[in-house]
Every structure is written in C-alpha cells, then in structure tokens.
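All of the numbers you see were taken from the coordinates with simple rules; none came from a lab. Since the structure is predicted, the reported quantities are computational estimates derived from the model, not experimental observations. Reconstructed Cβ throughout: ideal geometry from the backbone, glycine too, with neighbour counts over all protein chains shown.
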Amino acid sequence: MQIRLDTYMQIAEVPKNFDLLVVDVEGREEDVFKSFNLDSWKPKMMIVELIDDHEYFQDNKSLVDSCKKLRTFIINSGYSEIFHDHINTIFVSNEYITGDTNV
C-alpha cells in the first residue's frame, strides 16, 4: 500500500512551513514530490538526492532526466539551490534568502 507524503504528514501533524525535508529514495524522488504539495507545505530547506551530475548514472537517461525535471520544478516553486555535489542538492526557500547563502 502506498501513502502520499501529504497524508503521512497530516497524520503525523507536521506543521506547515517546517524547517527541513530530506528526500533520498533511491531514484524515486520525483514520485515523492508528486505525492507532496510543495506550495502548501513550504519547507524552509530541503536536501534532495539528485544524481543528474553523477558520472555513474549518465547512461540511465530516464533517471537523469527525472532528476533534472525535479530540480527545475523545485527552483520554479520558489527555492534556490545553495549547494550541490554529485549526489545531494540543498535548496532553501527564497523567503529565507537574504543574500547570505551560508545557511
């Protein structure tokens, strides 16, 4: 049985605009965000496993494309990418960007 992240968060009584969301689900990150209304919950910061730059996964076009699509979606949803390496990306809500990205 699958449960939407929105539903789980409501059951757990997670407050809107919470501090940190970490998403690392081995290539299913886009699916998680499809079950989560980012505009409604508005976490202040997110760490998301996006491996579109990782050299090991470049032959997996669908996975790379999914990560690129999700990265664009998050940025277009009002977040700035403040750090990324070949595995993880840190996003901060633009509401909390004050010019100093050393969060």
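For the range 1-86, which GluC sites (Glu not before Pro) are in a loop by DSSP, counting at most 13 other Cβ atoms within 10 Å?
Working: sites: Glu13, Glu26, Glu29, Glu30, Glu49, Glu55, Glu81; in loops: Glu13, Glu26.
Passing both the DSSP loop test and the Cβ count: Glu13, Glu26.
In the range 5-96, what percentage of the DSSP-assigned beta bridges are antiparallel, given to the nearest 5?
Numbers: 10 of 14 bridges.
Roughly 70 percent of the beta bridges in the range 5-96 run antiparallel, per DSSP.
Go through [x] 2, 10, 13, 15, 15, 15, 13, 9, 4, 2, 1, 0; [y] 2, 12, 23, 24, 18, 12, 6, 1, 0; [z] 2, 12, 17, 13, 12, 11, 9, 7, 7, 6, 3, 1, 0 and flag the label whose value is the computed P(r) over Cα pairs in 5 Å bins from 0, in percent for this structure.
It is the one labelled [y].
Whose amide H sits under 5 Å from the amide H of Phe18, counting only residues 5 or more places off or on another chain, with H placed in the peptide plane?
Correct list: Lys44.
Give me the extension gain from Lys16 to Lys44: residue separation times 0.36 nm, minus the current Cα-Cα distance, reported in nm with one decimal.
On the way: separation 28, 0.36 × 28 = 10.08 nm, distance 0.98 nm.
Contour length minus Cα-Cα distance gives 9.1 nm.
Would you mind getting me the FRET efficiency between His84 and Gln2? Use the beta-carbon distance for r and R0 = 41 Å, nearest 0.05. Before the final figure, lay out the partial values.
Working: r = 28 Å, r/R0 = 0.69.
It comes to 0.90.
For Val23, what residues show an amide H to amide H distance below 5 Å, using hydrogens built from the backbone and excluding near sequence neighbours?
Ile47, Val48, Glu49
Check which residues have an amide H placed less than 5 Å from Tyr79's amide H, if you skip close sequence neighbours.
Amide H to amide H, under 5 Å and 5 or more residues apart or across chains, Tyr79 pairs with Asn94.
Explain nothing, just compute: Karplus ³J(HN,Hα) = 6.51 cos²θ - 1.76 cosθ + 1.60, θ = phi - 60°, for every residue of the range 20-36 in order, whole Hz, x for Gly and Pro.
Coupling constants for the range 20-36: 9, 10, 10, 10, 9, 10, 6, x, 10, 4, 4, 4, 4, 5, 6, 9, 9 Hz.
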